[in-house]
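Comments concern the structure below.
The values are calculated or read from the model by the stated rules, or taken from the named source; none is laboratory data. Everything quoted here is computed from the prediction, not taken from an experiment. Here the Cβ positions follow ideal geometry from the backbone for every residue, glycine too, while neighbour counts run over all protein chains shown.
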Amino acid sequence: MAKSASRSRSSAAAASSSSSSLHKPSKANSFKTSGRSREWSATRRAAEESLSIQIQYTLNALIALLVMHTLSSPSSLSLAHLSSHLHLPHSLHSIIPSWLRLPSLAPFASDLPNASEKGGHQVWSDLVGEAASLGPFRSDARGFGHPLTALHNFTRACLGLSYPVPDPSSSPIAAFKHQAHRLVGGDSVPATAPWALLSGIPGYLYERGLRDALFVGTLVLLFTLARALLMKFLLLPLGELAVPHVKKPRKSERQSTEALNERAKALRTREKEVLRFAEQGFSLIYYTCSWSLGLLIASRESYWPLNTVEYWTSYPQFQLEPLFKFYYLASCAFYIQQLFVLHVEARRSDHWQMFSHHVITIALIAGSYVCSYHRVGNAILCLMDPSDIALNVAKMLKYAGWQTTCDIAFGLFMVSWLVTRHILYMRVVWSCIFDARSVMSFRPPNRLTGDYFTKTSYFTLIGLLCALQVILLMWFYMICRVAYRVVTKAGAVDSRSDAESSYEDDEVEQLAAKATSTAIKSNGAAKKKRK
C-alpha cells in the first residue's frame, strides 16, 4: 500500500509537470526546431542520450584500434626514429636547460627478429634461428619487439580480412607453393593493407578461421556507430519533418483539462512515431544494401536463381572470394548488433520471438560459415531481405500519415512475405533435406578442407531452419490480423505494439484518462445544476 501510494504521488507530480510544461517547457526537456520549442517526452530523451553514448564509446574504441594498429604496423615509429627526429636542432638544444631536454632514446632502440626479416641484434638472431618466425608474435612490425608485433596481429585481424590464399585458377604455381609451405608449418601471408575489405588482394581467395571473430566484433562496433550517427543526425531530423505535427488547440479549449491531457498524450505519441520512423529508416538502408550485395554475389554463382542442387555439387568450398567473405561476416555482425538494439529500443509484444529469431539467424550464419554451407546461407539471406524492405517502407509511410500508400505497401509486403518466406524458403529447406543426401554421404569432418558434412551438422542445420519457419509462421498470423484491419477499413497498423519503456509515461497516461473522466463528470454535473 505504501508503494502504491508513493507511486500515485509521483505519477500525480509527473502528470502536473507534464501538463504545466506545455506552457513553460524547461531547458532540459525541450529543443528548438524551425524556430519553435517542442517538448521532449521521456522516451525521446532516453533515446537521444542512448545514441550519444553509443557514438561516444564506439568512436573511441575504433579510434583506439586504429591508433594501436598504426603504432604497431610496418615502418612505424621506432625508438631510434623517435630519438633522431623528435629532438630540436643542436643550436636550440644547447640553450634549453638540461632538465628540460629530451632524453636520448637510441640506447633503448631494439629490432627483435620477427617473421619478415631479422633485426639488428645478430646474436639474438643466431640463438633463436628459424624458431623466431614460428613464435606467437610474427608480423611485419619492427621497432618495439615482440609485444607490439602481437598487437599488430590482433589489430590486423580486427581491421581486415584474414587468411588470404592464392587463387589456383589464376595462379596455380603460387597456390601450390602456398599449400606446400603451409603443410610444413609456415605461414606465407602477403603484407598488404589490413582494411582492403572489398577489393582484397588481387589473385587471392580467403579461407576461414578464428581470427574472423575479431573482424566481426569490429563490424559490430561499426554498425552501432553508423546506426547512432544516421539516426541522430539524419533520420531523426527527417522524422521530425515527415511525421505530422500535433494541431494546436483552439482558444476556447486551451484551459480545458481534457484538451491539455489530450494534447500531452498526442505529443508523446508523435515523439514515439518519430523514433520509430528513424529506426525503420536505418533498417531500410541496411536491408536495401544487404539485398543488393547478396543478389550481386548470388548472380555470379551456379545456383542462381533456383538451381538448388548446386548448393551441394562442389561441396566443400572452403575458399571464398573477398566480397563473399565480407558479405557473410557483415551479415553475422549486423544480427549480433540487432540483439543489442533489441534491448535499447522500447520493448514490443513479440520481444522474445524477435530475440529467438536473431539468435537462430546468428547460429545459422555462423554455423553455415564454419561448415561451408555458405551457398545456402546466401540464398536464405536473399529471400529474407525483400519482405523486410517492404515492411520498413510501409511503417515509415504509416508514421508519415500516408495511410493509403501505406496500405498498398503493406499489400506488397504480404505478397513478398508469402512468396519468399513460406514458398521459396521451403524450397531451400527441401534441398537441404533431400538434395544434400542425394549428392553426398556423411563422412568424418576435415578441418583443413572445411568438410563438415556430418550427421550432427546436417540435423542441426535442418532443425534451425525448421525453428526459423515456426517463428515466421507466428509472425504471418500477426500479418493476417493486420490485413484484416485493412480490409475492414481500420487501416494497417503494426500489431507488434510498443510496451511502455518507463513507469512515468504509463502512469501519466492513466492519470490523464482519470482526469478526463473527472472533467466529463464535473461538466455533466454543472449542466444538471443549470437545468
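Here are the numbers:
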item	result
Residues of the range 397-416 satisfying the condition of being assigned to a helix (DSSP H, G or I) and within 12 Å of ALA242 (Cβ to Cβ)	LEU397, LYS398, TYR399
Check on VAL341, within 20 Å of VAL429 (Cβ to Cβ), in the same structural domain as VAL376 (by TED's automatic domain parsing), aliphatic (A, V, I, L, M) and part of a helix (DSSP H, G or I)	no
Residue check, GLY239 in contact with a helix residue (DSSP H, G or I) (Cβ under 9 Å, 6 or more places away or on another chain), modelled with pLDDT under 95 and in a loop (DSSP other than H, G, I, E, B)	no
Verdict on SER368 being in contact (Cβ under 8 Å) with a residue 60 or more places away in the chain and out of contact with any Phe, Trp or Tyr (no Cβ under 9 Å at 6 or more places or on another chain)	no
Where a residue in the range 422-451 is farther than 22 Å from PRO386 by Cα and its partner, wherever it lies, is buried (at least 17 other Cβ atoms within 10 Å of the Cβ) and among the small types (Gly, Ala, Ser), with Cβ under 6 Å and at least six apart	GLY450/SER372
Residue that is of a type in the set (A, V, I, L, M, F, W, C), part of a helix (DSSP H, G or I), surrounded by 14 or more Cβ atoms within 10 Å (Cβ to Cβ) and at pLDDT below 95, where the choices are LEU473, LEU391	LEU391
Residues that are within 17 Å of GLY401 (Cα to Cα) and of a type in the set (A, V, I, L, M, F, W, C), drawn from the range 260-287	ALA266, LEU267, VAL274, LEU275, PHE277, ALA278
Condition met for HIS358 (under 18 Å from the mean Cα position of the chain (by Cα), without any contact (Cβ under 8 Å) to a residue 12 or more places away in the chain and in a helix (DSSP H, G or I))	no
Unmet requirement for LEU293, which otherwise passes all of (1) surrounded by fewer than 16 Cβ atoms within 10 Å (Cβ to Cβ); (2) under 29 Å from LEU329 (Cβ atoms); (3) without any contact (Cβ under 8 Å) to a residue 40 or more places away in the chain	(1)
